[in-house]
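The numbers here are math on the coordinates, done by the rules we state, and not lab data. Given the structure is predicted, the values throughout are model-derived calculations rather than measurements. No Cβ is skipped: glycine too gets one built from the backbone with ideal geometry, and neighbour counts run over all protein chains shown.
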Number of protein chains: 2
Amino acid sequence: MMRDVLVIGVGMTQFGKFPERSLRDLGREACWSALKDSGIQPGRVEAGFCGNALGGRVQKEHGIGQSVLWEVGIRGIPIINIENACASGSSAFREAWIGVASGMYDVAIAVGVEKTVMKKGTMLDIGDADLEVKIGDVFPGLFAMRAQRHMYEYGTTLEQMAKVSVKNHHNGCLNPYAQYKKEFTVEEVLHSTMIADPLTLYSCCPNSDGAAAAIVASKNVAKKSSAKPIKLLASVLSTGLYHNKKDLAMFDLDFKVAEKAYEMAGVGPEDINLAEVHDAFTIAELMHYEGVGFCKVGESGRLIDEGETEIGGRIPVSPSGGLQAKGHPVGASGVAQIVEIVWHLRGEAGLRQVANARIGLAHIMGGGTEGDVGACTIHILERVDEI
Amino acid sequence: MMRDVLVIGVGMTQFGKFPERSLRDLGREACWSALKDSGIQPGRVEAGFCGNALGGRVQKEHGIGQSVLWEVGIRGIPIINIENACASGSSAFREAWIGVASGMYDVAIAVGVEKTVMKKGTMLDIGDADLEVKIGDVFPGLFAMRAQRHMYEYGTTLEQMAKVSVKNHHNGCLNPYAQYKKEFTVEEVLHSTMIADPLTLYSCCPNSDGAAAAIVASKNVAKKSSAKPIKLLASVLSTGLYHNKKDLAMFDLDFKVAEKAYEMAGVGPEDINLAEVHDAFTIAELMHYEGVGFCKVGESGRLIDEGETEIGGRIPVSPSGGLQAKGHPVGASGVAQIVEIVWHLRGEAGLRQVANARIGLAHIMGGGTEGDVGACTIHILERVDEI
């Protein structure tokens, strides 16, 4: 019943700290870039989906999608704002896909936008409602526990985790859109300020401001678009407990969503040429290697040791620099991953280009404390020579 | 390409001030009622959509839909949270409709939940970004200007506006779910505390806590549901400037959305047996009579004078008590309107039942200051004797 959907335009702002820029300003730049990239007029867009996680809380703004799209002349159509924590942008992209895949629209835009850079000393918790948060169980602590367990279960080392940061910061140096363009050594990562043992400052992604946008369309529109068509093979979103409570060292939800995504796409992990995963913490990237099937459970340390996930390796992960170096404007990250994958599949990724990339995967997860539930999305995209 | 969608279960909490109840608690009650009403098991629900406007801001909570649905055993499926100001709940309901209409899911749930009751003296503005807000142009002021203009243009009187409050508070007395069950006279409305001339305290809707849920399904599932099937004839969402800036006395967006909705439903305003409209202020209900075509522009004062929108009148509006008396938990209101319409179409609305109701309309609008844009939804539902 679902028809083919193609990405016909992408764009993003540089990620970074931009106290002088508004959500509206950042979103507008990303949408405008995506429109220019696609070559279609704003009036052709039939529906808009905006991913934003914290605008109500940090900027006290609502109806952000309406404001952003109004600025680029996209008006008089259905627009909704979607919050799914770190998966807000990818969930917005998925709704755009559903709209076009179902035949309801021929063209839809997904934009993700966020400003999370706050005054020094301010901290974002993950909700007042959770007992866990009240006793200090915030994200770095949660991921530190996962890291401890992964080290205990599989012998994963501090050095292996640090190598994720080293790799991603190296990639960030090649990406003009990245927030951080600075190389680190394993030693520097290990000896940066301890945040939550074993996670140091350079093991954690930063707070960031930024926006990203992607335009999806049906075949008939895509044929007339100026950009190289990229086909969406799979779009899966699921909610669940991240991990079986008996096993902190595995993301249960990753495995479930990945299985559905590969089935939908008709490909396996061995067919993926590059990926962006949710590397909010170094340990997270390693656990996601296992969760999406790039290696067996417990072998992610070996994968990073052997350089398989570097650009030029067997399966490059986070060529953009990932959340670690590119930055993590929460609601924008899911769309920015799609933008990065599209650039690689088109061969437009500049210095960080993954050679001969044909199929790419974007993975992101959001929300979820120990006692709570989260959201995880996986999108698989493919370069097609003809529509 | 779209297939028929039926509402197979509805439920809601009482609306009111519940400082001791969480978003999760309220949402759970509404979802559980809807599930019981439908007779289907939680595991049959394939997607969830949660409307919430202010949870990030007021409760500092995110991923509310995931938490609420987890509580009633709805897990391991796609769930997204939708913010569209006052149209958050109706936008969530519309996404559920798209999911089922497209064939992607057979059963989906929409839940709206909100807690807006705050400490005395606290005020919710509509965004820090707008110059208008900074100079005091908040909702009561905006609607007061509209009221002044409507009085000037069409001779609408203070008494006619007050009658909306009198009617809706009367209806609220018949609705066990209403926040306020108290009759008012025109004199009492006119002499209550002045908020923004000519709007007095009893001309404005209250802050409220509450939740509402609706389950939609395809024909094959609806056939086996225990509830009387109610068919969704139209679901339209659009973004735009509420009014042509030259005419504060008309909601441009209402006319546009209503036209699309009637076309989609294949019915006209003369076929509607009852409606719930966005009566956040008395003048708003009058303007929406005109906007959705229940009378000509400028004639809404006559409509209320002649009792046509009372229960028992030609076209009863806000039989639930509306936002004025039932209450206005922002993200819940759009779903609660659907719940009310469904009850009437089924003949289950108790003391406030609109006799022989076959087709009902729900209208709500969200966001939008003078310089900004908003969202407006209209849903049209019909009682069907056989699926």
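Note on chain A: GNM, Cα springs under 10 Å; of A:Glu20, A:Glu71, A:Glu159, the largest mean-square fluctuation is that of A:Glu20. Between B:Val384 and A:Glu299, the FRET efficiency estimated from the beta carbon spacing at R0 = 60 angstrom works out to 0.60.
Along its three principal directions, the equivalent ellipsoid of chain B from the Cα gyration tensor extends over semi-axes of 31, 23, 19 Å, largest first.
Which shape class applies to the stretch A:154-301: rounded if a/c is under 1.5, otherwise prolate when a/b exceeds b/c and oblate if not, where a ≥ b ≥ c are the square roots of the Cα gyration tensor eigenvalues? The shape class here is oblate. Specify whether the C-alpha gyration tensor of the stretch B:1-44 places it in the rounded, prolate or oblate class, a ≥ b ≥ c being the square roots of the eigenvalues: rounded for a/c under 1.5, otherwise prolate if a/b is larger than b/c and oblate if not. In terms of gyration-tensor shape, prolate. Placing a label point 7 Å from the Cα of A:Pro19 along the Cα-to-Cβ direction, the distances to the matching points in the other copies come to 3.7 nm, shortest first. Ranked for footprinting exposure by Cβ neighbours inside 10 Å, fewest first, A:Leu6, B:Leu286 give A:Leu6, B:Leu286. Highest mobility in the GNM of chain A, judged by mean-square fluctuation with C-alpha springs under 10 Å and restricted to A:Tyr262, A:Tyr152, A:Tyr180, is found for A:Tyr152. Computed from the alpha carbon positions, the gyration tensor of the stretch B:9-103 leads to an equivalent ellipsoid with semi-axes of 20, 16, 13 Å, biggest first. Between B:Thr185 and A:Met194, with labels modelled 7 Å along Cα→Cβ, what's the label distance in nm to one decimal, could you check? Computed distance between label sites B:Thr185 and A:Met194 equals 7.5 nm.
The stretch A:152-207 has equivalent-ellipsoid semi-axes of 21, 12, 10 Å, by the square roots of 5 times the alpha carbon gyration tensor eigenvalues, sorted largest first. Computed over every Cα-Cα pair of the stretch A:231-387 and binned at 5 Å starting from 0, the pair-distance distribution P(r) comes out as 2, 10, 20, 24, 22, 14, 6, 2, 1, 0 percent. The trypsin sites (Lys or Arg not before Pro) of the stretch B:252-312 meeting both criteria, a DSSP state outside H, G, I, E and B (loop) and at most 13 other C-beta atoms within 10 angstrom of the site's C-beta, are B:Lys296.
Across B:Val221, B:Val257, B:Val335, mean-square fluctuation computed from a Gaussian network of chain B (C-alpha pairs under 10 Å connected) peaks at B:Val221. Binning all Cα-Cα separations of the protein assembly as shown at 20 Å, short to long from zero, yields these whole-percent fractions: 18, 51, 26, 5, 0.
Neighbours of A:Phe18 by Cβ distance under 14 Å: Lys/Arg scored +1, Asp/Glu scored -1, total 0. Local charge for A:Val164 was computed over the other residues whose Cβ lies under 10 Å away, with Lys and Arg +1 and Asp and Glu -1, and equals 0. Distances between equivalent label points of A:Arg358 across the copies, with each point positioned 7 Å along Cα→Cβ, amount to 5.9 nm, shortest listed first.
When only alpha carbons are used to place a centre, the stretch A:66-86 and the stretch B:54-95 end up 17 Å from one another. For chain B, hydrophobic long helices are taken as DSSP H runs at least 15 Å long by C-alpha position along their axis with mean Kyte-Doolittle hydropathy of 0.5 or more; these are B:330-346. Label-point distances for A:Glu386 to the equivalent site in the other copies, using a point 7 angstrom along Cα→C-beta, read 5.0 nm when ranked shortest first.
Counting Lys and Arg as +1 and Asp and Glu as -1 over every other residue whose Cβ lies under 11 Å from the Cβ of B:Tyr289, the net charge comes to -4.
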